[in-house]
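Colleague: To start, I am sharing the structure in question, which I have written as structure tokens.
The values are calculated or read from the model by the stated rules, or taken from the named source; none is laboratory data. The shown structure was predicted, so the numbers you read here are calculated from the model rather than taken from an experiment. Positions of Cβ are backbone-derived with ideal geometry, glycine not excepted, and every protein chain shown enters the neighbour counts. Calculation scope for accessible area: heavy atoms of the full protein, side chains included, ligands and nucleic acids excluded. Shrake-Rupley method; radii C 1.70, N 1.55, O 1.52, S 1.80 Å.
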Amino acid sequence: MRPLTRALSLLALSLGLSLSTSAAASNDARLQSIKQQTLALYTLRLADQRQFSSSASVLIGQRNPGVRLQRVRIAVDGQLHIDYAYHGSEAALLAADAMHKLGLVNLAGGPHEISVEMQWAQQGGTYTEARTQTLRLDTWPRGFSVQLDARERGSQRIAIQTPIDGAGILRSARFELALGRALKAVTQMQMLAHVDPVLAGTASAQELLAQSLAAWGLDSAAQATYSQLSQARTDNETRNRARLRAAELALQLGQMDEAGERLNAGTNNWSAEQQAAAKLLDARRLLAQNKVEAALKQTTDAGPALLRYNLAVALIDSRQDDAADRLLETLATAPAPADEYHARIQDLAQLKLGYRHLRFGRAEAAQAMLSRMRLGSPYTNRALLGRGWSKLLPLALQQGRLIAVPDDGFRPLFVQAIDAALRQPGNASRAAVRDAITDWARLQDQDPFDAAVQEALVATPYALLKLGEYARAIQYSEKAIARLELIRDDLKAGMRQSRKGLALNGAELVREQWPPEPAAWARRYATGAWWRSDADPLPIPDNAYRPRLLLDGDTLTMLNDMHMLNEVEQLTDAIAEHPDLKLRATQLRKRIESERQAQQKNLDRQAYYWMYQELERATRYLIMARFSLGHAYAHENAAGEQP
């Protein structure tokens, strides 16, 4: 899996984000080559920047943790160059001692009048201060830093200094990496190597460089940096962190022997958390080498949550069900995490274990586990659907009909399950079906493009039909048919667009926003909750499938690659400023454009394949809904004809 930012991981922790086809591997190899060439050219540009650069960098920072910077305005020689408003996460990073490289200002060398106005929040109030100062911008790296110190008085609260030093560059790299802008962090670290080689060689700087390289998908370069750091003269904590990350990257690259050497080179001075992480990684390595017994000995309930979840999935793949379930149980039943990232991992563990309980016929355990799902989780729909099936599972099992739960999603044989449940004598079976309907009813007004919602839309009227509640069965069947027909037609239109290359413009999407937030795509295409409208017919917008397509794992991976390509192109523009590199930059732009076209074709194919699968499922459910409606009407008519 190519590393994604944490914001993007929040969207897709449960999805396979790397493509398994040889074409995808080829595409990634080409992109890796382009990225490496771009960074090499940028390094050459930095080497001669003193001579050819006409731009000046501006760094913004502050010295007070209790202050939240809100806005900065900077004028040079009376002309406004920068007017920037900070949002919450940016302001928090500045308060944590990061610095923000605001941009480049084209300025000739010599003296310039710098005017700065800063607005900040402190202790419930909002304050504004301004300062003007004349600086000579002759020393490389050309530019200046602006820092707010609210403890001072008047204009002394704002410090304007030149030249930019290595410490400021390092702080700005931390800022960019924390916000998911890995390439900017990498280029800042390259700048640091030219400005202050001593600082760039320190352990903290090398660790930040390795983190940035890994976040930008240059795994081999990151692994090499971590490997060097693991042998450097620094504190044990840093060396051990480097060894763990080098081992993890080796696993991702398929270098099992390298990973084993890193993990088994002595752990006497490791913390308990680091030892647990090393065991989890080593267990995954051993499983990959089919050394199951040795892997089970390394399995531990401690360590980072994501490593434990990944190991549980690997154990399932190796058919080590008991060990996998124990590991999932510790994750699923732990105290609720305080942050969304780890809460999402716990959601996944609960969902995975709940469905495994269903698979193996453990109805009560499945119901209890799926009931733990927190409100507002992106997996709530699947949990509610599964909880409904858990109500029927004991009755279905008595008929020898285990509900089928494939690994790739929940596709129960609900007709057989409901029929089997209702074959039992007495009122208990009817009560169980009604309990299941209660869970499914909560899904009726959710997004009908969701597979779990579609199944609930169709299972509910069928269950009502078998209970003899024909009027309600008709009502729910008609609702399901209306929504599924609209979905079918929207997907068919999308497939026609995809064949023409018009379904998605990947480069445009990632230019607008990246990484995306879950609701951003719905806002982008103005879909809204169209299915909750009282209008007849429902006002489904054109291309209503797009927000759901843009949450698909393979689609996200392709868009992430296109985002990286856009970043490379922007850096190439900066490289082209160097007269000796202009020709190479032009050649690189041609490679970038060729790769963008190839990526767009792959995105079109992926979109078509995704829509085909969605259409196939929606059509099956539509047929079932029509079946329920026809039978419900037949029973209603038969009842009406009786004397």
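Colleague: Considering each of Thr330, Thr300 in turn, give the residue that is part of a helix (DSSP H, G or I) and polar (S, T, N, Q).
Modeller: Every option except Thr330 fails the conditions.
Colleague: Restricting to region 275-299, what's the tally of residues that are crowded, with 19+ Cβ neighbours inside 10 Å and either under 17 Å from Thr333 (Cα atoms) or polar (S, T, N, Q) (or both)?
Modeller: Final tally of qualifying residues: 2.
Colleague: Now for a separate question. Out of everything in region 107-140 that is in contact with a strand residue (DSSP E or B) (Cβ under 6 Å, 6 or more places away or on another chain) and in a loop (DSSP other than H, G, I, E, B), what residue ends up being most open to solvent (accessible area, probe 1.4 Å)?
Modeller: Among residues in region 107-140 that are in contact with a strand residue (DSSP E or B) (Cβ under 6 Å, 6 or more places away or on another chain) and in a loop (DSSP other than H, G, I, E, B), the one most open to solvent (accessible area, probe 1.4 Å) is Leu107.
Colleague: For region 92-125, how many residues meet the condition of being within 35 Å of the chain's Cα centre (by Cα) and modelled with pLDDT of 90 or more?
Modeller: Residues flagged as within 35 Å of the chain's Cα centre (by Cα) and modelled with pLDDT of 90 or more within region 92-125 amount to 14.
Colleague: Give region 341-370 a look and list any residue that's at pLDDT below 90, open to solvent by less than 70 Å² (accessible area, probe 1.4 Å) and either farther than 13 Å from Ala305 by Cα or not in a helix (DSSP H, G or I) (or both), or say none.
Modeller: Leu358, Gly361, Ala363
Colleague: Another question about this same structure. Is it the case, given these coordinates, that Leu538 is in a helix (DSSP H, G or I) and either in contact with a Phe, Trp or Tyr (Cβ under 7 Å, 6 or more places away or on another chain) or surrounded by 17 or more Cβ atoms within 10 Å (Cβ to Cβ) (or both)?
Modeller: no
Colleague: Taking only pairs six or more apart or across chains, which ones have beta-carbon atoms under 8 Å, a first residue in region 87-100 that is on the phi > 0 side of the Ramachandran plot, and a second residue that is open to solvent by less than 10 Å² (accessible area, probe 1.4 Å)?
Modeller: Here the result reads Asp97/Gly61, each pair linking region 87-100 to a residue that is open to solvent by less than 10 Å² (accessible area, probe 1.4 Å).
Colleague: Still on this structure, I have one more. Specify which of the listed residues (Lys466, Lys500, Lys479, Lys492) is closer than 30 Å to Pro425 by Cβ, basic (Lys, Arg) and surrounded by fewer than 20 Cβ atoms within 10 Å (Cβ to Cβ).
Modeller: After ruling out the rest, the residue left standing is Lys466.
Colleague: Then there is this: Of the residues Ile74, Ile34, only one is touching a helix residue (DSSP H, G or I) at 6+ places or on another chain (Cβ under 9 Å), modelled with pLDDT of 90 or more and crowded, with 17+ Cβ neighbours inside 10 Å; which?
Modeller: Ile34
Colleague: Out of the residues in region 179-190 meeting the condition of being in contact with a Lys or Arg (Cβ under 9 Å, 6 or more places away or on another chain) and assigned to a helix (DSSP H, G or I), tell me which one is surrounded by the fewest Cβ atoms within 10 Å (Cβ to Cβ).
Modeller: Among them, the one singled out is Lys184.
Colleague: While we're here: Please specify each residue of region 77-106 satisfying the condition of being small (Gly, Ala, Ser), surrounded by fewer than 16 Cβ atoms within 10 Å (Cβ to Cβ) and touching a Ser or Thr at 6+ places or on another chain (Cβ under 9 Å).
Modeller: Gly78, Gly103
Colleague: Ok, one more. List every residue pair whose Cβ atoms lie under 7 Å apart, where the two residues are 6 or more positions apart in sequence or sit on different chains, the first residue falls within region 409-433 and is under 23 Å from Ala383 (Cα atoms), and the second residue, located anywhere, is modelled with pLDDT under 70 and surrounded by fewer than 16 Cβ atoms within 10 Å (Cβ to Cβ).
Modeller: Sorted first by the residue in region 409-433, then by its partner, the pairs are Arg411/Ala404; Pro412/Ala404; Leu413/Ala404; Ala420/Gln399.
Colleague: Output yes when any residue across region 520-541 is of a type in the set (A, V, I, L, M) and over 29 Å from Glu478 (Cα atoms), and no when none is.
Modeller: There is at least one residue in region 520-541 that is of a type in the set (A, V, I, L, M) and over 29 Å from Glu478 (Cα atoms).
Colleague: A follow-up question, please. Going by the conditions given, is Asp561 charged (D, E, K, R), touching a residue at least 40 places away in the same chain (Cβ under 8 Å) and closer than 23 Å to Ser628 by Cβ?
Modeller: Answer is no for this residue.
Colleague: Could you pull out the residue among Ala173, Ala193, Ala210 that is surrounded by fewer than 20 Cβ atoms within 10 Å (Cβ to Cβ) and in a helix (DSSP H, G or I)?
Modeller: None of the other options fit; the residue is Ala193.
Colleague: Of all residues in region 525-534, how many are open to solvent by less than 50 Å² (accessible area, probe 1.4 Å) and farther than 14 Å from Asp447 by Cα?
Modeller: Going through region 525-534 one residue at a time, the tally reaches 1.
Colleague: If you scan region 262-297, which residues turn out to be more than 28 Å from Gln350 (Cβ to Cβ) and in a helix (DSSP H, G or I)?
Modeller: Arg262, Leu263, Glu293, Ala294
Colleague: So, Leu263, is that one within 22 Å of Ser220 (Cα to Cα) and open to solvent by less than 70 Å² (accessible area, probe 1.4 Å) or not? Can you show your working first?
Modeller: Working: within 22 Å of Ser220 (Cα to Cα): yes; open to solvent by less than 70 Å² (accessible area, probe 1.4 Å): yes.
When the stated conditions are applied, Leu263 passes them.
Colleague: I would also like to ask the following. Out of the residues in region 549-564 that are within 11 Å of the chain's Cα centre (by Cα) and assigned to a helix (DSSP H, G or I), state the one that is farthest from Ile592 (Cα to Cα).
Modeller: To start, the set of residues in region 549-564 that are within 11 Å of the chain's Cα centre (by Cα) comprises 551-553, 556-557, 560.
Then keep just the ones that are assigned to a helix (DSSP H, G or I); that gives 553, 556-557, 560.
Details: Gly553: 24, Leu556: 20, Thr557: 18, Asn560: 15 Å.
Applying the filter and picking the extreme gives Gly553.
Colleague: Moving on. Hey, any hits in region 234-242 for a residue that's open to solvent by less than 40 Å² (accessible area, probe 1.4 Å), closer than 22 Å to Asn264 by Cβ and either of a type in the set (A, V, I, L, M) or without any contact (Cβ under 8 Å) to a residue 24 or more places away in the chain (or both)?
Modeller: Checking region 234-242: at least one residue is open to solvent by less than 40 Å² (accessible area, probe 1.4 Å), closer than 22 Å to Asn264 by Cβ and either of a type in the set (A, V, I, L, M) or without any contact (Cβ under 8 Å) to a residue 24 or more places away in the chain (or both).
Colleague: I'd like the full set of residues that are within 23 Å of Gly110 (Cα to Cα), of a type outside the set (A, V, I, L, M) and without any contact (Cβ under 8 Å) to a residue 60 or more places away in the chain, limited to region 130-185.
Modeller: Arg131, Thr132, Gln133, Thr134, Arg136, Asp138, Thr139, Gln161, Thr162, Pro163, Asp165, Gly166, listed by residue number.
Colleague: Any idea which residue in region 141-161 is farthest from Gly88 (Cα to Cα), counting only those that are open to solvent by less than 20 Å² (accessible area, probe 1.4 Å) and outside any strand (DSSP E or B)?
Modeller: Pro141
Colleague: If you go through region 590-637, how many residues are basic (Lys, Arg) and over 30 Å from Glu478 (Cβ atoms)?
Modeller: Qualifying residue count, region 590-637: 5.
Colleague: Of the residues in region 243-257, how many are under 28 Å from the mean Cα position of the chain (by Cα), farther than 15 Å from Leu209 by Cα and open to solvent by 40 Å² or more (accessible area, probe 1.4 Å)?
Modeller: Summing the residues that are under 28 Å from the mean Cα position of the chain (by Cα), farther than 15 Å from Leu209 by Cα and open to solvent by 40 Å² or more (accessible area, probe 1.4 Å) in region 243-257 gives 6.
Colleague: Looking at region 545-559 only, could you name the residues that are open to solvent by 10 Å² or more (accessible area, probe 1.4 Å) and not acidic (Asp, Glu)?
Modeller: First, the residues of region 545-559 that are open to solvent by 10 Å² or more (accessible area, probe 1.4 Å): 546-548, 551-552, 554, 558.
Matches in region 545-559: Arg546, Pro547, Arg548, Leu551, Met558.
Colleague: Now a separate question. Any idea how many residues of region 569-626 are among the hydroxyl-bearing types (Ser, Thr, Tyr), surrounded by fewer than 21 Cβ atoms within 10 Å (Cβ to Cβ) and within 29 Å of the chain's Cα centre (by Cα)?
Modeller: Adding up the residues that qualify gives 4.
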